[in-house]
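The values are calculated or read from the model by the stated rules, or taken from the named source; none is laboratory data. The shown structure was predicted, so the numbers you read here are calculated from the model rather than taken from an experiment. All Cβ positions, even for glycine, are placed from backbone atoms using ideal geometry, and neighbour counts span all protein chains on display. The accessibility values were calculated without ligands, DNA or RNA, using every heavy atom of the protein model including side chains. Shrake-Rupley method; radii C 1.70, N 1.55, O 1.52, S 1.80 Å.
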Amino acid sequence: MLWVAAGVVTLGFLVALEIAARHYGLAGPVTNQVREVIFPPKSGFLLYASMALMMVVLTWRQRIIAMCTAIGIDAVLLLVRWTAGADLTEGHPFGNGALWVLLGCAVIAVTRRTGPERALLLKGVGLGLLLVAGRKTGDTWLVITSKTRPTVLDQYVATADHALGDPSWLVGRLVRATGPVGAHALDYVYAQLAVAAVVVTMYQLRNVAAERRFPRHHLVRTFLVIGLLGPAIYMVFPVVGPVFAYGADGGHWAVADLWPDTATPITGPHDMPFDGITPRNCMPSLHTAWATAIFLHSRKGPRVLRFAGTFWLIATLTATLGFGYHYGADLVAGVVFTLTIEAALRSLERGWDRAGTRLVVHGTTVFAALLFSYRWLPVEMARYPWVFGPLLILAMASVIHGYVRTTRLWDPVPVQVPKPEPQPEPA
């Protein structure tokens, strides 16, 4: 019943978002997804990652059949497009096959499976389609933020960022110094965050096919809640980022062409109008939030997975700052945001107790205080950086410390079984 209710709510949300997009003359998430059944998809990697998530419920033989079918469909579609002279430069020339396999498995679940096997396969298909729907929903929502929020609060955040030493300006110069090689590597990491999440999730769900059930908590749950709650804050605190508000990418809407060479002056900030195209998607930094979630969920994996989770977090933080997409204040808020959500989900999974409730309340309070200070105390933060800078870091560190201390109490401690001492042999 929970899965059915979640499906109904998701479908209703997609329909509502489709109607809202049509109101602004845009194609909504449902239209864009249906289009990718035939036309080149925006991200073939994402569709194959979604199919990989679905395949955690399949046996190895079924996985091989599904993968070969997807590749075969893509090969046929590519040949047809090439023969017809279709434009192969728009979107990825692959990925439709993965979507066809996802939809085909849904049909098989309804028509050829019964009981628990049907429910398990439908859960796998739903997991894969949720990843795709989340991407399409996010793209549509970002356009809506640009249409409904004509003014942005970048001057407030940029002023408050002086307390942290203007990290976006500093890292932006460092990334520029690395040349095209460093920029391309960071851009790949930044763009393929969902694929990294799928890798960690597949490790967490590696036993689903054998146990015929999903674990109660995994990375996808955290990802979805972050994607659900984060964009709502975009509407409350619209920010476009330094590369747009203070860089050449902002055109005549930018305050000046300052990023990343010249730090912003400390003046009285105010709301500033901006174009109707650039997404207001900075506060909090959801790329930081998702990368933090990947890092957290990779901690219980093997060494290579822990190393990959750490690398992806560091590279994502570097990219978000170095490309001028976010201010340092966005990243601090993103970390607190993720830890609070993860604590709430884990408390919901294991049952609420005093420690979990205290951690969620503390994280929520710190997050609200951060947004309040960015909006109402930015000048004071910029004038006294040696006071407010450490306070911001200490506030974030207090949530990190509370999360680590609380989750250690929750995690079971492995019991060391004493080895029997060798007994003397009878003579």
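Has segment 313-329 got any residue that is free of Cβ contacts under 8 Å to residues at least 24 places away in the same chain and more than 25 Å from Val239 (Cβ to Cβ)? Within segment 313-329, none of the residues are free of Cβ contacts under 8 Å to residues at least 24 places away in the same chain and more than 25 Å from Val239 (Cβ to Cβ).
Ile294 fulfils the conditions (1) without any contact (Cβ under 8 Å) to a residue 24 or more places away in the chain; (2) of a type outside the set (Asp, Glu); (3) within 26 Å of Gly356 (Cβ to Cβ); (4) outside any loop (DSSP other than H, G, I, E, B) except for a single criterion, (1).
Quick grid of which residues meet (1) open to solvent by 80 Å² or more (accessible area, probe 1.4 Å); (2) of a type in the set (Asp, Glu); (3) at pLDDT 95 or above; (4) farther than 24 Å from Gln155 by Cα:
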position: Val335; (1), (2), (3), (4): no, no, yes, no
position: Thr338; (1), (2), (3), (4): no, no, yes, yes
position: Arg346; (1), (2), (3), (4): no, no, no, yes
position: Arg350; (1), (2), (3), (4): yes, no, no, yes
position: Asp353; (1), (2), (3), (4): no, yes, no, yes
position: Ala369; (1), (2), (3), (4): no, no, yes, no
position: Trp376; (1), (2), (3), (4): yes, no, yes, no
position: Ala395; (1), (2), (3), (4): no, no, yes, no
position: Pro412; (1), (2), (3), (4): yes, no, no, yes
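Residue-wise test of (1) farther than 30 Å from Thr267 by Cα; (2) part of a loop (DSSP other than H, G, I, E, B); (3) touching a His at 6+ places or on another chain (Cβ under 7 Å); (4) without any contact (Cβ under 8 Å) to a residue 40 or more places away in the chain.
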{"residue": "Ile73", "(1), (2), (3), (4)": "yes, no, no, yes"}
{"residue": "Ala86", "(1), (2), (3), (4)": "yes, yes, no, yes"}
{"residue": "Ala98", "(1), (2), (3), (4)": "yes, no, no, no"}
{"residue": "Val110", "(1), (2), (3), (4)": "yes, no, no, yes"}
{"residue": "Ala119", "(1), (2), (3), (4)": "yes, no, no, no"}
{"residue": "Gly124", "(1), (2), (3), (4)": "yes, no, no, no"}
{"residue": "Gly134", "(1), (2), (3), (4)": "yes, no, no, no"}
{"residue": "Ile144", "(1), (2), (3), (4)": "yes, no, no, no"}
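What do you reckon, is Gly301 buried (at least 24 other Cβ atoms within 10 Å of the Cβ) and modelled with pLDDT under 95?
Numbers: buried (at least 24 other Cβ atoms within 10 Å of the Cβ): no; modelled with pLDDT under 95: yes.
When the stated conditions are applied, Gly301 does not pass them.
In segment 397-409, which residues are of a type outside the set (Ser, Thr, Tyr), touching a residue at least 24 places away in the same chain (Cβ under 8 Å) and open to solvent by 30 Å² or more (accessible area, probe 1.4 Å)? Lay out the reasoning, then the answer.
Taking segment 397-409 as the starting set, the residues that turn out to be of a type outside the set (Ser, Thr, Tyr) are 397, 399-402, 404-405, 408-409.
If we keep only those that are touching a residue at least 24 places away in the same chain (Cβ under 8 Å) as well, we get 399-400, 402, 409.
Of everything in segment 397-409, those that are of a type outside the set (Ser, Thr, Tyr), touching a residue at least 24 places away in the same chain (Cβ under 8 Å) and open to solvent by 30 Å² or more (accessible area, probe 1.4 Å) turn out to be Ile400, Leu409.
Checking the structure you have, find out if any residue of segment 184-191 is of a type outside the set (Ser, Thr, Tyr), out of contact with any strand residue (DSSP E or B) (no Cβ under 9 Å at 6 or more places or on another chain) and not in a helix (DSSP H, G or I).
Of all residues in segment 184-191, those of a type outside the set (Ser, Thr, Tyr) come to 184-187, 189, 191.
This time we only want the ones that are out of contact with any strand residue (DSSP E or B) (no Cβ under 9 Å at 6 or more places or on another chain), so: 184-187, 189, 191.
Still in the list and also not in a helix (DSSP H, G or I): none.
No; the residues of segment 184-191 include none that is of a type outside the set (Ser, Thr, Tyr), out of contact with any strand residue (DSSP E or B) (no Cβ under 9 Å at 6 or more places or on another chain) and not in a helix (DSSP H, G or I).
The C-beta contact set for segment 271-284 (first residue touching a residue at least 24 places away in the same chain (Cβ under 8 Å) and closer than 10 Å to Val143 by Cβ, second residue open to solvent by 30 Å² or more (accessible area, probe 1.4 Å) and basic (Lys, Arg), distance under 7 angstrom, 6+ apart or interchain) comprises Gly276/Lys147. Has segment 44-61 got any residue that is modelled with pLDDT of 90 or more, exposed (fewer than 12 other Cβ atoms within 10 Å of the Cβ) and assigned to a helix (DSSP H, G or I)? The answer is yes; a qualifying residue exists.
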